[in-house]
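> Before we start, here is the structure in question, set down as structure tokens.
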Amino acid sequence: MSEVNVDGYPVHITNPDKLMWPKMGIRKIDYITKLVELAPYILPHARNRLLTVVRYPDGVDGTSFFQKNTPDYAPDWLETSEWNKNHYTLLNTLAALVWLGNQAVLEFHTGFNRIQKQNNPTDLVFDLDPSEGQHFDDVAETALLIHETLMDLNIRSWIKTSGATGLQLYIPVGSRYDYDTARTINEFFGRYFSQRYPDIITIERRIKNRGSRLYFDYLQMWAGKTITMVYSPRAATNALISMPVTWEEVQNGIHPQDFHLLNAGTRLKEKGDLFQELNKSENIQNLDFLLQHIQNH
């Protein structure tokens with residue numbers, strides 16, 4: 001075991017040569033090094049959000065477990081926040097990220113709100129999941145249809161890969177709406193799109209009843225629920241990462257397999273943080289006109 005100093009905080013590194021992603025040859029020390037490289041992109045989006053992690057002590061080929069509560073042996077300097085009797089870790093510092101990497105956290109899932117406003121999501125999120133028999137191209141095609149409608153309504157949105165098989169679409173609302181109101185808007189969109197494209201989109205929760213239609217999940221966005229954090233790696237054999245993409249890239253054809261731990265840094269140096277726009281006040285979308293429409297109908 002060795003100890004490193006990360007911005008003044010001591011972090012112990014154990015089993016540095018243990019393979020986390022054997023197929024990609026990524027050892028724990030390589031992973032931690034990649035996390036340090038990605039930290040300037042990860043931390044602004046993780047800040048003050050309740051964190052749930054997935055740990056793989058023996059790498060992606062071993063067993064895993066979800067962890068909400070910060071373990072008792074966590075260092076005293078690690079920031080935490082209590083909600084619903086759980087003590088969540090806050091991923092606010094580089095030292096916390098390195099410590100979590102050493103804990104073999106291979107997936108980071110964050111809440112939809114920041115702790116300062118527990119009942120108000122920062123963004124509306126459309127989670128687009130392919131059904132059985134569908135391919136990623138089907139998801140991309142559906143996302144473009146949704147984007148077209150949003151543009152017609154003068155609503156700006158940003159999109160990222162889930163790091164698995166889906167896409168996740170974000171509309172920044174600056175914590176303007178509480179969860180009940182935000183879900184009302186999301187449900188309106190879900191019903192609208194499923195009625196406009198009944199052969200393509202469904203809001204049916206039962207998998208057996210979806211057929212080959214894409215599932216528009218408007219229920220996931222809620223207090224206490226989580227979503228794969230932007231720039232989080234995924235515990236797939238090829239170390240995929242949840243990556244923001246441009247709408248032009250979706251149009252031209254991208255695939256989740258295009259983005260993984262070994263090439264993420266290069267892309268980010270070229271493209272920058274496409275999701276930094278979500279944190280800018282000038283991009284907050286006012287959807288009161290939709291609420292008025294919903295109330296009137």
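The values are calculated or read from the model by the stated rules, or taken from the named source; none is laboratory data. None of the values given here were measured: they were computed from a predicted structure. Using ideal geometry, Cβ is built from the backbone for each residue, glycine included, and neighbour counts are taken over all protein chains shown.
> Which ones in segment 47-59 are of a type in the set (S, T, N, Q) and either at pLDDT below 95 or not in a loop (DSSP other than H, G, I, E, B) (or both)?
Within segment 47-59, 52 is the sole residue that qualifies.
> Continuing with this model, one more query. Note down all Cβ pairs under 7 Å where the first residue falls in segment 47-62 and is surrounded by fewer than 16 Cβ atoms within 10 Å (Cβ to Cβ), the second is not in a loop (DSSP other than H, G, I, E, B), and they're at least six residues apart or on different chains.
61/22
> Is one or more of the residues making up segment 101-120 of a type outside the set (S, T, N, Q) and closer than 15 Å to residue 170 by Cα?
First, the residues of segment 101-120 that are of a type outside the set (S, T, N, Q): 101, 104-109, 111-112, 114-115, 117.
Now narrow it down to the ones that are closer than 15 Å to residue 170 by Cα: 111-112.
Checked segment 101-120: at least one residue is of a type outside the set (S, T, N, Q) and closer than 15 Å to residue 170 by Cα.
> A follow-up question, please. The conditions are (1) free of Cβ contacts under 8 Å to residues at least 40 places away in the same chain; (2) touching a Phe, Trp or Tyr at 6+ places or on another chain (Cβ under 7 Å); (3) within 25 Å of residue 44 (Cα to Cα), and residue 257 fails exactly one of them. Which is it?
So residue 257 meets the others, but not (2).
> What's the total number of residues in segment 2-46 that are of a type in the set (Asp, Glu), at pLDDT below 95 and touching a strand residue (DSSP E or B) at 6+ places or on another chain (Cβ under 8 Å)?
1
> Here is a follow-up. If you go through segment 149-191 one residue at a time, how many are assigned to a helix (DSSP H, G or I), among the hydrophobic types (A, V, I, L, M, F, W, C) and surrounded by 21 or more Cβ atoms within 10 Å (Cβ to Cβ)?
Here the count works out to 2.
> Within segment 93-119, how many residues turn out to be surrounded by 17 or more Cβ atoms within 10 Å (Cβ to Cβ), farther than 19 Å from residue 241 by Cα and without any contact (Cβ under 8 Å) to a residue 60 or more places away in the chain?
Of the residues in segment 93-119, 1 are surrounded by 17 or more Cβ atoms within 10 Å (Cβ to Cβ), farther than 19 Å from residue 241 by Cα and without any contact (Cβ under 8 Å) to a residue 60 or more places away in the chain.
> So in segment 247-266, with the set limited to residues that are among the β-branched types (Val, Ile, Thr) and assigned to a helix (DSSP H, G or I), which one is surrounded by the most Cβ atoms within 10 Å (Cβ to Cβ)?
Checked segment 247-266; the qualifying residue surrounded by the most Cβ atoms within 10 Å (Cβ to Cβ) is 250.
Here's the yes/no breakdown for (1) among the polar types (S, T, N, Q); (2) closer than 13 Å to residue 162 by Cα; (3) surrounded by 15 or more Cβ atoms within 10 Å (Cβ to Cβ):
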| position | (1), (2), (3) |
| --- | --- |
| 232 | yes, yes, yes |
| 245 | no, yes, yes |
| 268 | no, no, yes |
| 275 | no, no, yes |
| 293 | no, no, no |
| 296 | yes, no, no |
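> Restricting attention to strands (runs of 3 or more DSSP E) lying wholly within segment 60-148, give those where 3 or more residues are under 19 Å from the mean Cα position of the chain (by Cα).
65-67, 86-90, 105-111, 123-129
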